[in-house]
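This report concerns only the one structure given below.
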Amino acid sequence: MAIANIQFKNYSLLQPILEHGWSPVFSGMIYPLSGLIELIVILFIQQKVHGKIKYKVFALNTIILTWLILGPLIGSITEFGPLEASRQNYPAFEQWGLVTLGRFIEHLDFLSIYQWLTGAFIRVSFLLFLSLEVLSIKKPLNKTILLIAYSVMLIVSNSFSFSDVILYYIIKTIVLPVTFWFFLAFSILLSIFVLFSNRKKRRSSSDVQKNEKATVQTE
């Protein structure tokens, strides 16, 4: 999509940058950060990874996700202009509508649906897998029952029809802010816990070394 729509992009529409200051940036930052901060869930699958998860993994994933966030944002502004892009609820869908393959193939909007469905499938599948790992369920029968229960809950919840306006409002005011603040608080508490546990280990190791030195000196 990004490559096929180069002919429609006008990068001069990105200027002036920060025309209204930093306040709109900070007010809108919570929405992309609600997705980036979920990288902390990678820590819950550390036992499935050979070796330790290094900071480079988080840094690389953060860079890739940041680029995936900025790409459609910059594309919508350069293709439709800042005013029209601000009115669009689903700019990725509108950008796919501009894609053409040659002279006779156009209106590839369905690819945006495929993009959303694959992302949602991976996200939901990973969270279902993670829920079993967090609960430490070992019996295969209990895992199957819990997965079936989760699946039924998801199917029932998706059976209720909402208008796009209500769904957009719920995501904007409840889902994304709650996700961001929950994972932010959780990451801070986890960092504090790790900090204190490391201090205790250092103190215990130093005490052991002191005791060993004292025993050697007495001998």
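Couple of notes before you dig in:
- If the condition is being touching a residue at least 12 places away in the same chain (Cβ under 8 Å) and open to solvent by less than 100 Å² (accessible area, probe 1.4 Å), then segment 152-174 contributes 154, 164, 172.
- Residue, surrounded by the most Cβ atoms within 10 Å (Cβ to Cβ), within segment 1-22, restricted to residues that are outside any loop (DSSP other than H, G, I, E, B), modelled with pLDDT under 85 and not aliphatic (A, V, I, L, M): 8
- Number of the condition not met by residue 80 [criteria: (1) open to solvent by less than 40 Å² (accessible area, probe 1.4 Å); (2) at pLDDT 85 or above]: (1)
- If you check 195, 184 for being hydrophobic (A, V, I, L, M, F, W, C), at pLDDT 75 or above and either open to solvent by 70 Å² or more (accessible area, probe 1.4 Å) or touching a Phe, Trp or Tyr at 6+ places or on another chain (Cβ under 6 Å) (or both), only one passes: 195.
- Applying the set (1) of a type in the set (A, V, I, L, M); (2) over 28 Å from residue 158 (Cα atoms); (3) surrounded by 11 or more Cβ atoms within 10 Å (Cβ to Cβ) to residue 130 leaves exactly one unmet item: (2).
- Scope segment 96-126; condition in contact (Cβ under 8 Å) with a residue 60 or more places away in the chain and part of a loop (DSSP other than H, G, I, E, B); matching residues: 98, 99, 100
- Number of the exception - residue 62 against (1) surrounded by fewer than 14 Cβ atoms within 10 Å (Cβ to Cβ); (2) over 24 Å from the mean Cα position of the chain (by Cα): (2)
The values are calculated or read from the model by the stated rules, or taken from the named source; none is laboratory data. Since we're looking at a predicted model, the values are computed, not measured. Ideal geometry is used to build each Cβ from the backbone, glycine not excepted, and the neighbour counts take in all protein chains shown. Note: areas computed on protein heavy atoms with side chains; ligands, DNA, RNA excluded. Shrake-Rupley method; radii C 1.70, N 1.55, O 1.52, S 1.80 Å.
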